[in-house]
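Okay, structure first, notes after.
FYI, it's all coordinate maths here, none of it is from the lab. It should be emphasised that the depicted structure is a prediction, and the values quoted were computed from it without experimental measurement. When we count neighbours, we look across all protein chains shown, and the Cβ atoms used for this are built from the backbone with ideal geometry, even at glycine.
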Amino acid sequence: MAEIRAALGDPASSAPPTETVYTAGSVLRSPGAFLAGAGRDAARSGDIALRLFRSEVRARRRQSLLGHAWLFLPAAATTLVCTYLQRRGVVGMRETMLPYPLFVLSGMLMWQTLTDALNAPLQQLNAMRQLITRSRVPHEAVVAAGAAGALLNAAVRLALLLLVLPFFGMALAPSLLLLPFAFLALLLLGLAAGLVIAPFGLLYEDVGRGLPFATLFWFFLSPVVYPVAAGAGWLRFNPVSPLMEAGRSWLVAPSAPTAFAAVTLGSAAVLVAASLFYRLARPHLVARLG
């Protein structure tokens, strides 16, 4: 914690910390002041988030031997297993628009981007619990630092996916310029869902413990290792489906999926609403956590 304070340039690293007192009174008595405060904190969060992000990256490098390889190894291992099962006929699979190994690999890399973003808000807030309850650091900066980490991971995965395309006989089509938007849309969806969960996860450990099980359930309901059949019923309502389908289609040719735009805009709206809800709950969270 002292290292983080020093990285932030916080004088509390060498002097007794100045505590910020939160009251549990309703801030909605003055909606204008509430929104203005949210805007001010968001504006001053950028520099703090960047410093937190850099500190986390340095710590990650010191504590890991394989480094960024972990961003690719789970996807590669899953691809090998699924391809083996598919070729042995253990698992029947419909024909896919891509070679099946590339289909699985691209799905896994996009799925990992989603789950990184989903877990980031709660993980960051839990890791910085002392900081957010005993200092003036905006909570938005802590969440933004986690989002920056997820964005870096997504960029590495995207680069790796582009690098392996020639090994599967895929031409570098102009539509690949659209592929980053699929990763960004999945990142946005994950952050929105993660920030909705975060306040409850800070109060109840059961939420954090149950999140991996919920994520696994969501994985099997998403077209990560299998294609969505036409008329797949309620599976079509999974917000992950149009994002992954668009990303895979952009590996081959440009397309303009309406559902992709709808899910992306909906995720952005949920993220804004979740941010305001978290800010509304913040005094109560600090009172409980402190």
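Dipole of the stretch 49-195 computed with +1 at Lys/Arg Cβ and -1 at Asp/Glu Cβ about the Cα centre; of Gln130, Ala171, Gly190, farthest Cα towards the positive end is Gln130. Between Met97 and Leu221, residue separation times 0.36 nm minus the direct Cα-Cα distance comes to 42.7 nm.
Computed from point charges on the beta carbon alone (+1 for Lys and Arg, -1 for Asp and Glu), the dipole magnitude for the stretch 143-290 about its Cα centre is near 180 Debye. When the chymotrypsin sites (Phe, Trp or Tyr not before Pro) in the stretch 197-284 are filtered for DSSP coil states and for at most 13 other beta-carbon atoms within 10 Å of their beta-carbon, the remaining sites are Tyr204. Temperature 37 °C, viscosity 0.692 mPa s: under these conditions the Stokes-Einstein estimate for the stretch 206-290, based on its Kirkwood radius over C-alpha pairs, is 210 µm² per second. Rg/Rh for the stretch 84-202 stands at 1.11; both radii use Cα atoms, and Rh follows the Kirkwood definition.
Counted by neighbouring Cβ atoms within 10 Å, the residues Leu187, Leu216 run from fewest to most as Leu216, Leu187. Note on Val57 and Leu235: the extension gain reaches 60.4 nm, defined as 0.36 nm multiplied by sequence separation minus the Cα-Cα distance. Remark: Asp116, Asp206 ranked as Asp206, Asp116, counting other beta-carbon atoms within 10 Å and listing the fewest first. How high is the relative contact order of the stretch 189-290, in percent, counting Cα pairs under 8 Å that sit 6 or more residues apart? Once normalised by length, the contact order is 44 percent. What do you get for trypsin sites (Lys or Arg not before Pro) in the stretch 63-125 restricted to DSSP loop and a cutoff of at most 15 other Cβ within 10 Å of the site's Cβ? When the trypsin sites (Lys or Arg not before Pro) of the stretch 63-125 are filtered for loop state and at most 15 Cβ neighbours within 10 Å, Arg88, Arg94 remain.
So how do Thr115, Thr215 line up by other beta-carbon neighbours within 10 Å, fewest first?
Ascending number of Cβ neighbours within 10 Å: Thr215, Thr115.
Residue separation of Ala77 and Phe200 scaled by 0.36 nm, minus their Cα-Cα distance, works out to 41.0 nm of gained length.
Label separation (Gln130 vs Arg87): 5.2 nm, computed from points 7 Å beyond Cα along the C-beta direction.
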